[in-house]
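These notes are about the structure you will find just below.
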Amino acid sequence: MKKRFVTLLLALLAALTLAVPAWAEQQPGDPFIYDTAGLLSDEDRAYLEQMAEAISWQYQCGVYIVTVDDYEVYGSDRYSAALNIYRGNDFGIGDGRDGIMLMLSMWDRDYEVFIQDGGLADSAFGSYAVDLLEEAFLPYLGNDDWYGGFHAYLTTCSDDLALADMGQPVKKPLTKVILPALLVGCGVALMVCLILKAKMKSVRKGAEADVYVTAEGLDLTERYDRYTHTTETRVRKNTRDDHDSGGGGHGSGGKF
């Protein structure tokens, strides 16, 4: 009898332990597509869900699509709404909540791409990669081709995550960085030269010494400035991350 009582007590304690709420994590079978605005047919949503699920678990990085009627229900601006949706639904895979989310708000045709900091998504989707990502899906969304836009978004996310996973994230080519810088530098240098040339006056060598004589006599006093020291003031820069314990994120958005 005593043994049975102990067994029942241990079973009860185990049940209570499992019942303690924890910060839920994305689990296999949980959705990645939340079409609350009803833009997709059941067939299209199911196919996109399969794509998103396969990509997300392959790279351990959640790839989400959320459509809402009006983002202002969730936040004061696009970014805060996307952040609240991401956090409020426990999106992301792993302890770092790694993931990327495309949010569409249909009221004023707004979109926001939210990227969780610190994981593979952060590495894969730098500013240049996000620009290319937006170029991939925005033309479809602008024509109300929701399936085409979401398919382009997922396909591009998959390609970018694959490159980042191999340690080769999408970066802006050096030719696109160096050439504009050289053109700007040459333009500034040319402008400075033209200004200096316009201010120059013609000069000639004096043939007689009396041009250097003042009314008080010869004035050849040497004048110079002597460098003694430099005073440098340094201000400590606060590098503390002010995001809450759930981790930070960043985004990019606009109209479609």
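Observations on the model:
Conditions tested, residue by residue: (1) open to solvent by less than 60 Å² (accessible area, probe 1.4 Å); (2) at pLDDT 95 or above.
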{"site": "Thr156", "(1), (2)": "yes, yes"}
{"site": "Asp159", "(1), (2)": "no, yes"}
{"site": "Ala162", "(1), (2)": "yes, yes"}
{"site": "Val170", "(1), (2)": "yes, yes"}
{"site": "Thr175", "(1), (2)": "no, no"}
{"site": "Ile178", "(1), (2)": "no, no"}
{"site": "Val184", "(1), (2)": "no, no"}
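- Selection of the range 28-76 for residues being of a type in the set (A, V, I, L, M, F, W, C), open to solvent by less than 50 Å² (accessible area, probe 1.4 Å) and outside any loop (DSSP other than H, G, I, E, B) yields Ile33, Ala46, Leu48, Met51, Ala52, Ile55, Val63, Ile65, Val66, Val68.
- Leading residue by the ranking (nearest to the chain's Cα centre (by Cα)) among those in the range 78-122 that are of a type in the set (A, V, I, L, M) and not in a strand (DSSP E or B): Ala121
- Total residues in the range 1-58, condition over 25 Å from the mean Cα position of the chain (by Cα), under 20 Å from Ile100 (Cβ atoms) and modelled with pLDDT of 95 or more: 7
- Output for the range 119-144, where each listed residue is open to solvent by 60 Å² or more (accessible area, probe 1.4 Å) and over 16 Å from Val170 (Cβ atoms): Pro139, Tyr140, Asn143, Asp144
- Qualifying residue in the range 128-139 (condition: in a helix (DSSP H, G or I), out of contact with any Phe, Trp or Tyr (no Cβ under 8 Å at 6 or more places or on another chain), β-branched (Val, Ile, Thr) and free of Cβ contacts under 8 Å to residues at least 24 places away in the same chain): no
- Check on Arg97, of a type outside the set (A, V, I, L, M, F, W, C) and closer than 30 Å to Pro173 by Cβ: no
- Among the residues of the range 56-78, those that are of a type in the set (S, T, N, Q) and under 17 Å from Phe114 (Cβ atoms) comprise Ser56, Thr67, Ser76.
The values are calculated or read from the model by the stated rules, or taken from the named source; none is laboratory data. Note that the structure is a prediction, hence the values are computed from the model and not measured. For neighbour counting, all protein chains shown are included, and Cβ atoms are generated from backbone atoms with ideal geometry for every residue, glycine included. These accessible areas exclude ligands, DNA and RNA; they are computed on the full protein's heavy atoms, side chains included. Shrake-Rupley method; radii C 1.70, N 1.55, O 1.52, S 1.80 Å.
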